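*Asks:* Here it is: the structure, laid out below.
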Amino acid sequence: MFQPVEISDMNLRKKYKIFGVCKYYGTYTGIMFADSPTKYLIFVNVYNETNDVHVPSKLFISTCNFYQFVSQKSRIQSDMEMRAVNLVVRRIVGDDHFTW
(Lines give C-alpha, C1' and ligand atoms only; values in the text may rest on other atoms or scores of the structure.)
Protein backbone atom coordinates (compact mmCIF):
# COMPACT_ATOMS: atom_id res chain seq x y z
CA MET A 1 0.00 0.00 0.00
CA PHE A 2 1.30 3.46 -0.88
CA GLN A 3 0.65 6.70 0.96
CA PRO A 4 1.57 10.29 0.00
CA VAL A 5 4.77 11.69 1.50
CA GLU A 6 6.02 15.28 1.76
CA ILE A 7 9.44 16.07 0.31
CA SER A 8 10.69 17.13 3.75
CA ASP A 9 9.82 13.66 5.11
CA MET A 10 11.63 11.70 2.39
CA ASN A 11 14.65 9.60 3.41
CA LEU A 12 17.83 9.17 1.40
CA ARG A 13 18.36 5.78 -0.30
CA LYS A 14 14.70 4.83 0.08
CA LYS A 15 12.50 3.78 -2.83
CA TYR A 16 9.49 5.93 -3.75
CA LYS A 17 6.70 5.91 -6.29
CA ILE A 18 6.53 9.11 -8.37
CA PHE A 19 3.53 10.40 -10.28
CA GLY A 20 4.24 13.07 -12.86
CA VAL A 21 3.45 12.74 -16.52
CA CYS A 22 4.18 9.01 -16.16
CA LYS A 23 4.40 6.57 -13.26
CA TYR A 24 7.92 5.99 -11.93
CA TYR A 25 9.70 4.13 -9.15
CA GLY A 26 13.11 5.22 -7.97
CA THR A 27 15.55 5.56 -5.08
CA TYR A 28 15.79 9.07 -3.64
CA THR A 29 19.32 10.47 -3.37
CA GLY A 30 18.84 14.19 -2.67
CA ILE A 31 17.70 17.62 -3.82
CA MET A 32 19.35 19.78 -6.44
CA PHE A 33 18.63 23.49 -6.70
CA ALA A 34 18.70 25.00 -10.17
CA ASP A 35 19.29 28.70 -10.85
CA SER A 36 15.59 29.25 -10.31
CA PRO A 37 13.81 28.71 -6.98
CA THR A 38 12.43 25.40 -8.29
CA LYS A 39 13.61 22.27 -6.47
CA TYR A 40 14.63 19.17 -8.39
CA LEU A 41 14.83 15.82 -6.65
CA ILE A 42 17.46 13.32 -7.75
CA PHE A 43 16.51 9.67 -8.11
CA VAL A 44 18.63 6.70 -9.20
CA ASN A 45 17.63 3.27 -10.52
CA VAL A 46 14.48 4.77 -11.98
CA TYR A 47 11.87 2.55 -13.58
CA ASN A 48 9.22 4.10 -15.85
CA GLU A 49 6.20 1.91 -15.26
CA THR A 50 4.21 3.54 -18.08
CA ASN A 51 6.78 2.80 -20.81
CA ASP A 52 8.58 -0.15 -19.14
CA VAL A 53 11.97 1.59 -19.29
CA HIS A 54 14.85 1.62 -16.77
CA VAL A 55 17.22 4.62 -16.51
CA PRO A 56 20.24 5.03 -14.19
CA SER A 57 19.15 8.43 -12.82
CA LYS A 58 16.52 11.11 -13.33
CA LEU A 59 15.54 14.52 -11.96
CA PHE A 60 11.96 15.16 -10.87
CA ILE A 61 10.47 18.57 -10.19
CA SER A 62 9.14 19.08 -6.66
CA THR A 63 5.57 19.52 -7.94
CA CYS A 64 5.32 15.77 -8.71
CA ASN A 65 3.45 13.55 -6.28
CA PHE A 66 5.64 11.23 -4.21
CA TYR A 67 4.45 8.11 -2.40
CA GLN A 68 6.12 5.75 0.06
CA PHE A 69 5.36 2.08 0.52
CA VAL A 70 3.71 1.18 3.83
CA SER A 71 3.83 -2.50 4.66
CA GLN A 72 0.65 -4.16 5.83
CA LYS A 73 2.58 -7.16 7.18
CA SER A 74 2.01 -6.40 10.87
CA ARG A 75 -1.74 -5.88 10.37
CA ILE A 76 -2.02 -9.10 8.36
CA GLN A 77 -0.04 -11.00 11.01
CA SER A 78 -2.27 -9.64 13.76
CA ASP A 79 -5.44 -10.59 11.84
CA MET A 80 -4.16 -14.15 11.33
CA GLU A 81 -3.31 -14.51 15.01
CA MET A 82 -6.74 -13.19 16.05
CA ARG A 83 -8.43 -15.67 13.73
CA ALA A 84 -6.39 -18.56 15.19
CA VAL A 85 -7.24 -17.50 18.76
CA ASN A 86 -10.94 -17.26 17.87
CA LEU A 87 -10.89 -20.77 16.33
CA VAL A 88 -9.27 -22.29 19.42
CA VAL A 89 -11.55 -20.47 21.89
CA ARG A 90 -14.66 -21.38 19.85
CA ARG A 91 -13.73 -25.06 20.13
CA ILE A 92 -13.14 -24.78 23.88
CA VAL A 93 -16.33 -22.81 24.57
CA GLY A 94 -18.44 -24.76 22.09
CA ASP A 95 -19.93 -21.60 20.55
CA ASP A 96 -19.32 -21.28 16.80
CA HIS A 97 -20.06 -17.54 16.88
CA PHE A 98 -17.85 -16.55 19.85
CA THR A 99 -15.42 -13.68 19.13
CA TRP A 100 -12.57 -12.69 21.42
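*Asks:* What about residue 70, is it within 18 Å of the chain's Cα centre (by Cα) and surrounded by 14 or more Cβ atoms within 10 Å (Cβ to Cβ)?
*Replies:* So residue 70 fails the test.
*Asks:* Residues in the stretch 1-39 that are closer than 16 Å to residue 69 by Cα, assigned to a strand (DSSP E or B) and not small (Gly, Ala, Ser): how many?
*Replies:* The number of residues fulfilling the criteria is 13.
*Asks:* For the stretch 22-45, give me each residue that is touching a residue at least 24 places away in the same chain (Cβ under 8 Å), of a type in the set (A, V, I, L, M, F, W, C) and closer than 19 Å to residue 4 by Cα.
*Replies:* Across the stretch 22-45, the qualifying residues are 22, 31, 41, 43.
*Asks:* With respect to residue 61, is the statement that it is modelled with pLDDT under 90, touching a Phe, Trp or Tyr at 6+ places or on another chain (Cβ under 9 Å) and surrounded by 11 or more Cβ atoms within 10 Å (Cβ to Cβ) true?
*Replies:* yes
*Asks:* Let me ask something additional. Could you grab me the full set of residues in the stretch 46-100 that are β-branched (Val, Ile, Thr) and touching a Gly at 6+ places or on another chain (Cβ under 7 Å)?
*Replies:* Matches in the stretch 46-100: 46 only.
*Asks:* Can you find a residue in the stretch 81-94 that is surrounded by 11 or more Cβ atoms within 10 Å (Cβ to Cβ) and either touching a Cys at 6+ places or on another chain (Cβ under 7 Å) or aromatic (Phe, Trp, Tyr) (or both)?
*Replies:* There is no residue in the stretch 81-94 that is surrounded by 11 or more Cβ atoms within 10 Å (Cβ to Cβ) and either touching a Cys at 6+ places or on another chain (Cβ under 7 Å) or aromatic (Phe, Trp, Tyr) (or both).
*Asks:* Moving on to the next point. Is one or more of the residues making up the stretch 64-81 acidic (Asp, Glu), touching a strand residue (DSSP E or B) at 6+ places or on another chain (Cβ under 9 Å) and not in a strand (DSSP E or B)?
*Replies:* No, there is no match, as no residue in the stretch 64-81 is acidic (Asp, Glu), touching a strand residue (DSSP E or B) at 6+ places or on another chain (Cβ under 9 Å) and not in a strand (DSSP E or B).
*Asks:* In this structure, is residue 42 at pLDDT below 85, within 25 Å of the chain's Cα centre (by Cα), outside any loop (DSSP other than H, G, I, E, B) and among the aliphatic types (A, V, I, L, M)?
*Replies:* no
*Asks:* Which condition breaks for residue 50 when tested against (1) assigned to a strand (DSSP E or B); (2) β-branched (Val, Ile, Thr); (3) touching a residue at least 24 places away in the same chain (Cβ under 8 Å)?
*Replies:* (1)
*Asks:* Which members of the stretch 51-72 meet the condition of being within 24 Å of residue 6 (Cβ to Cβ) and not aromatic (Phe, Trp, Tyr)?
*Replies:* Within the stretch 51-72, 57, 58, 59, 61, 62, 63, 64, 65, 68, 70, 71, 72 qualify.
The values are calculated or read from the model by the stated rules, or taken from the named source; none is laboratory data. Given the structure is predicted, the values throughout are model-derived calculations rather than measurements. FYI the Cβ positions are ideal-geometry reconstructions off the backbone, even for glycines, and counts take in every protein chain you see.
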